[in-house]
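**Student:** Have a look at this one before I ask anything.
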Amino acid sequence: MTNSLYVDANSRVILLPKSSETSSYQLVDIPIPRDLSRTKPYLVNEGNDQKTSIYDLSEVKNDNPYTVQDNVPVLKNGDPVKSFIFEASGEEGAVIQSGKVLVANKFDITWLLISIFYSKDQFTKNFITVEDVMDKLAAIFSQNDKWVHTLSDQCYSESLVKICESIVENREMFYKFSIEKTFEFVKNKVELLREFIAKGENSIITNIKGKLTDKTAAIQDIPETILALMILRYSVDFVCDSYVGSKFKKEFLTYTKYDFTELDNYLTELQDKQKNLQVVEANMNAVAQSSAQTSSKKKKEDSKKKTTLKKVVKKVAVGKGALDGFFKKA
């Protein structure tokens, strides 16, 4: 299946995932999980099966840092004259003359609920229904609660079961936020990312190895345990910093008992070695510079000596001197 295209009211073209539904979409302002005080547009799709799909939007710019920018023609909005051409199977294609495109990636609303529930204790006291959850969310975000009712009940239910304890009474499901279940949910995501990076078929592992390489050593081998710990730390930082913030991450690390002491010691030792190397190199450069200056000064002095003219003493012929007449016979 080829990628689908969606054009919003501002004529912006959004590239959808290959597996996305070709049905109705709308842009909805939804709070950002890592900062609930701010919102940004998400693409919301109500599928044919009444299931809501949410997409996070990322702008991809056709920038090239190696392109010479002098006298380059630009569009009225300042964008370079570059373009993307898209052709959707069985549909009309699109040409984006600005060279920018919005890419839609599937977003799990569970991350937003984690951020909200973790910061609001009202979701941990009692078991409540999906409708109660929606009402509480609408009250919390009263200034912008459109998104709360845009999402379907099924969308909430699928997320709540991942991070909440649940019970059934009178054929109705009730939920209560569980921090332990949430930690397990986040841990699973961290482990999936860790496994992906550890395969070594991506640029992330190259970047990680670059930070762990001891450039002062003749043989630049990275201990396997250190590499594994660095990959794990990167995975934790990426997941937590992207969605839930530092406070949650600190408590999450306590729960998981991830121990990075060995890694911290290795990085400290590596940093000390690199600092010592820099000091040695700086001293060597200073000595070399001093030697060069001394050599240059000596060459100048030698050159000055060679170019100094020797004073010529005029010789006087015998019998022509000033005292010769005095000693002559009278």
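The values are calculated or read from the model by the stated rules, or taken from the named source; none is laboratory data. No experiment lies behind these values; they were computed from the predicted model shown. Cβ sites come from the backbone with ideal geometry, for glycine too, and all protein chains shown count toward neighbours.
**Student:** Return a yes/no flag: does region 169-184 have any residue that is surrounded by fewer than 10 Cβ atoms within 10 Å (Cβ to Cβ), at positive phi and over 26 Å from the mean Cα position of the chain (by Cα).
**Tutor:** yes
**Student:** When both residues are 6+ apart or on different chains and their Cβ atoms are under 9 Å apart, which pairs have a first residue that lies in region 128-147 and is among the aromatic types (Phe, Trp, Tyr), and a second that is surrounded by 14 or more Cβ atoms within 10 Å (Cβ to Cβ) and part of a loop (DSSP other than H, G, I, E, B)?
**Tutor:** Pairs found: Trp147/Phe141.
**Student:** Next up: Criterion first (touching a residue at least 40 places away in the same chain (Cβ under 8 Å), among the charged types (D, E, K, R) and under 21 Å from Val239 (Cβ atoms)) does Glu180 satisfy it?
**Tutor:** Answer is yes for this residue.
**Student:** Follow-up question, since we're still on this one. Scanning for something under 31 Å from the mean Cα position of the chain (by Cα) and crowded, with 18+ Cβ neighbours inside 10 Å, does region 142-150 turn up at least one residue?
**Tutor:** Scanning region 142-150, I find at least one residue that is under 31 Å from the mean Cα position of the chain (by Cα) and crowded, with 18+ Cβ neighbours inside 10 Å, so the answer is yes.
**Student:** So, in region 148-165, how many residues would count as being touching a residue at least 40 places away in the same chain (Cβ under 8 Å), part of a helix (DSSP H, G or I) and hydroxyl-bearing (Ser, Thr, Tyr)?
**Tutor:** 3
**Student:** Just the residues that are closer than 15 Å to Asn188 by Cβ and not hydroxyl-bearing (Ser, Thr, Tyr), please, taken from region 233-255.
**Tutor:** Val236, Phe238, Val239, Cys240, Val244, Phe252 - these are the residues of region 233-255 that are closer than 15 Å to Asn188 by Cβ and not hydroxyl-bearing (Ser, Thr, Tyr).
**Student:** Of these, Val168, Val190, which one is among the aliphatic types (A, V, I, L, M) and assigned to a helix (DSSP H, G or I)?
**Tutor:** Val190
**Student:** Given the criteria modelled with pLDDT of 65 or more, surrounded by 12 or more Cβ atoms within 10 Å (Cβ to Cβ), of a type in the set (Val, Ile, Thr) and touching a Pro at 6+ places or on another chain (Cβ under 7 Å), does Thr39 qualify?
**Tutor:** So Thr39 passes the test.
**Student:** Taking region 193-208 only, how many residues are without any contact (Cβ under 8 Å) to a residue 24 or more places away in the chain and in a helix (DSSP H, G or I)?
**Tutor:** 5
**Student:** Do you know which residues across region 125-145 are at pLDDT below 90 and closer than 18 Å to Val44 by Cα?
**Tutor:** Across region 125-145, the qualifying residues are Asn144, Asp145.
**Student:** Okay, moving on. Hey, among Glu301, Glu262, which residue is modelled with pLDDT under 70 and either in contact with a helix residue (DSSP H, G or I) (Cβ under 8 Å, 6 or more places away or on another chain) or not assigned by TED's automatic domain parsing to the domain that holds Lys187 (or both)? Give the steps one after another, and end with the answer.
**Tutor:** Values: Glu262 fails: modelled with pLDDT under 70.
Step by step, each of Glu301, Glu262 is checked, and only Glu301 is modelled with pLDDT under 70 and either in contact with a helix residue (DSSP H, G or I) (Cβ under 8 Å, 6 or more places away or on another chain) or not assigned by TED's automatic domain parsing to the domain that holds Lys187 (or both).
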